[in-house]
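Structure, as structure tokens:
The values are calculated or read from the model by the stated rules, or taken from the named source; none is laboratory data. The shown structure was predicted, so the numbers you read here are calculated from the model rather than taken from an experiment. FYI the Cβ positions are ideal-geometry reconstructions off the backbone, even for glycines, and counts take in every protein chain you see. These accessible areas exclude ligands, DNA and RNA; they are computed on the full protein's heavy atoms, side chains included. Shrake-Rupley method; radii C 1.70, N 1.55, O 1.52, S 1.80 Å.
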Amino acid sequence: MNAGPAPATVAVVGGGIAGFSAVRELRRRGYAGTLQLIDPDGLPYDRPPLSKAFLAGTLDLPQLELAPRGWYADNAVEVVTDTAVKLDAGHGTPALTLASGGQLRADAVLLAAGARARRLPLPGMDLPGVLTLRSAADALALRQRLFPGAHLVIIGAGLVGAETASTARALGAAVTMVDPAYLPFERAAGPDMARYLHGLHAAHGTAYLQDTPAAIVAGAGDDALTVVLAAGAALPATTVLVSVGSEPETALAEEAGLQVHDGILVDGSGATSQPGIFAAGDSSRLRNSDGTPGRRFEHWDAARRTGEAAAAGILGVEPPQAAPDWFWSDRYGIHLEMAGSMAGPGRTVLRGEPGPGFMVFRVSPAGTLAGVAAVDGGTAVRAARKLIESGRAVDPAQLQDPAADLRKMARGKS
């Protein structure tokens, strides 16, 4: 990649971790041009705590912000509190139309608007008390409805659903989860870790039903809802949270004629099909080397890395090397971390017993470490991530042995 002149102006749409990481990386790399960040919520804030500490009320909005307020002035980043409603790809000088009526022209535009909560085609989705959780405002609305005597029905047992169940139980609400999966999280964490995680729900009083919703209907009282399941059961609820994944925000890209396939298609430096326009985070999807759409990642670390890669792409320099997928979850007092892939071919190696310190490794047929999932094992996961990156063959007996130091294995000194 040959670095040409840096664009004189850059506009970033979206104040999540991808957009913020991009502006931070641009300044870190010495970019001295005009830099604007557009988001209807204003200052960028962190999303992972929305289903945990922020929902519980132990963290407030200023504490969610990704940088101190003075950082933006110190780094000459103009935060534009507005919504980009149209993108004109132009001929190398894209232009953004804002909801307020203004227009921004920039030599480079980064689309990092993230994703919206997926909605189900169910009767009753628009009833009061039927919520989704993607923003701080969503979390505040949900928090007001979680208290002793409330009954939360969560449709979807993925990451956000499970974390919300844990927080709601801690706030005293009764919780029932509904999901078609027999063992949620099995593909992401492997069956052994998934069974442990699933058991935490029952251990903390969260009911789980393997089923699918057919409708949500209003009852007699203001807070009375009923979730009707396909198998015929009817679940009373004061609040229903629909947590069934997300859909990428691609409207601007589609209207501007960019290539989109369940995400804005990009290369490793975030470049889209239009010169001068880049994309990162949950709204983007990496093209494979053969041009076919690859996997769309929806985790915090992936958004951070793609934001930094797009910053490099905007400057015309090589992006950072790709890293194994990594994400975490907090629920019922435990901290879970996962890296790499637990779903590929190979064998599973267990270290310890289910509970704090429990680790599950996925070893590829070639004998390298493909993935890891661990409870309360942050240091070990960091070492395991290095092992995954190294592509070095691993000894399953050492992985299984709690006394074997993964940090030494990662350094090739075991």
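So, in the stretch 19-52, of the ones that are crowded, with 17+ Cβ neighbours inside 10 Å and among the aliphatic types (A, V, I, L, M), which residue ends up nearest to residue 172 (Cα to Cα)?
50
For residues that are at pLDDT below 95 and crowded, with 19+ Cβ neighbours inside 10 Å, tally how many sit in the stretch 306-320.
1
Would you check if there is a residue in the stretch 4-18 being over 30 Å from residue 145 (Cα atoms), touching a strand residue (DSSP E or B) at 6+ places or on another chain (Cβ under 7 Å), open to solvent by 30 Å² or more (accessible area, probe 1.4 Å) and not hydroxyl-bearing (Ser, Thr, Tyr)?
yes
Only one residue in 141, 99, 189, 181 is hydrophobic (A, V, I, L, M, F, W, C), over 13 Å from residue 206 (Cα atoms) and in contact (Cβ under 8 Å) with a residue 60 or more places away in the chain. Which one?
189
Looking only at the stretch 290-320, which residues are more than 24 Å from residue 261 (Cα to Cα) and in a loop (DSSP other than H, G, I, E, B)?
Hits for the stretch 290-320 are 316, 317, 318, 320.
Of the residues that sit in the stretch 346-359 and are without any contact (Cβ under 8 Å) to a residue 40 or more places away in the chain and surrounded by fewer than 18 Cβ atoms within 10 Å (Cβ to Cβ), which one is farthest from residue 335 (Cα to Cα)?
Among those residues, the one meeting the criterion is 353.
Being part of a helix (DSSP H, G or I) and out of contact with any strand residue (DSSP E or B) (no Cβ under 9 Å at 6 or more places or on another chain) is the filter here, so list the residues in the stretch 20-48 that pass it. First the steps, then the outcome.
Of all residues in the stretch 20-48, those part of a helix (DSSP H, G or I) come to 20-28, 48.
Selection gives 21, 25, 28.
Quick check on the stretch 261-272. Is at least one of its residues at pLDDT below 95, open to solvent by less than 60 Å² (accessible area, probe 1.4 Å) and not in a loop (DSSP other than H, G, I, E, B)?
Looking for residues that are at pLDDT below 95, open to solvent by less than 60 Å² (accessible area, probe 1.4 Å) and not in a loop (DSSP other than H, G, I, E, B), one finds none in the stretch 261-272, hence no.
Take the residues in the stretch 284-303 that are touching a Gly at 6+ places or on another chain (Cβ under 6 Å), touching a residue at least 24 places away in the same chain (Cβ under 8 Å) and not basic (Lys, Arg), then tell me which one is farthest from residue 17 (Cα to Cα).
Ranking the candidates gives 284 first.
How many residues does the stretch 360-400 hold that are under 16 Å from residue 344 (Cα atoms) and free of Cβ contacts under 8 Å to residues at least 24 places away in the same chain?
Within the stretch 360-400, residues that are under 16 Å from residue 344 (Cα atoms) and free of Cβ contacts under 8 Å to residues at least 24 places away in the same chain number 3.
If you take the residues of the stretch 360-403 that are in contact with a Lys or Arg (Cβ under 8 Å, 6 or more places away or on another chain), part of a strand (DSSP E or B) and hydrophobic (A, V, I, L, M, F, W, C), which of them is surrounded by the most Cβ atoms within 10 Å (Cβ to Cβ)?
Going through the qualifying residues, I end up with 372.
Give the residue that is least open to solvent (accessible area, probe 1.4 Å), with candidates limited to residues of the stretch 273-283 that are touching a Ser or Thr at 6+ places or on another chain (Cβ under 9 Å) and part of a strand (DSSP E or B).
Filtering first and then ranking leaves 279.
Quick check on my filter: what residues within the stretch 192-216 are surrounded by 14 or more Cβ atoms within 10 Å (Cβ to Cβ), touching a residue at least 40 places away in the same chain (Cβ under 8 Å) and more than 24 Å from the chain's Cα centre (by Cα)?
Correct list: 204, 213, 214, 215, 216.
Restricting the stretch 51-106 to residues that are β-branched (Val, Ile, Thr) and closer than 29 Å to residue 250 by Cβ, which is modelled with the lowest pLDDT?
Residue satisfying both the conditions and the ranking: 93.
In this structure, does residue 286 turn out to be more than 23 Å from residue 379 (Cα to Cα), in a strand (DSSP E or B) and open to solvent by 20 Å² or more (accessible area, probe 1.4 Å)?
Working: more than 23 Å from residue 379 (Cα to Cα): yes; in a strand (DSSP E or B): yes; open to solvent by 20 Å² or more (accessible area, probe 1.4 Å): yes.
Against the criterion (more than 23 Å from residue 379 (Cα to Cα), in a strand (DSSP E or B) and open to solvent by 20 Å² or more (accessible area, probe 1.4 Å)), residue 286 qualifies.
If a residue must be open to solvent by 50 Å² or more (accessible area, probe 1.4 Å) and either part of a helix (DSSP H, G or I) or among the hydrophobic types (A, V, I, L, M, F, W, C) (or both), how many such residues does the stretch 321-335 contain?
2
Select from the stretch 404-414 the residues that are open to solvent by 50 Å² or more (accessible area, probe 1.4 Å) and part of a helix (DSSP H, G or I) and list them in ascending order.
Passing the criteria: 407, 408.
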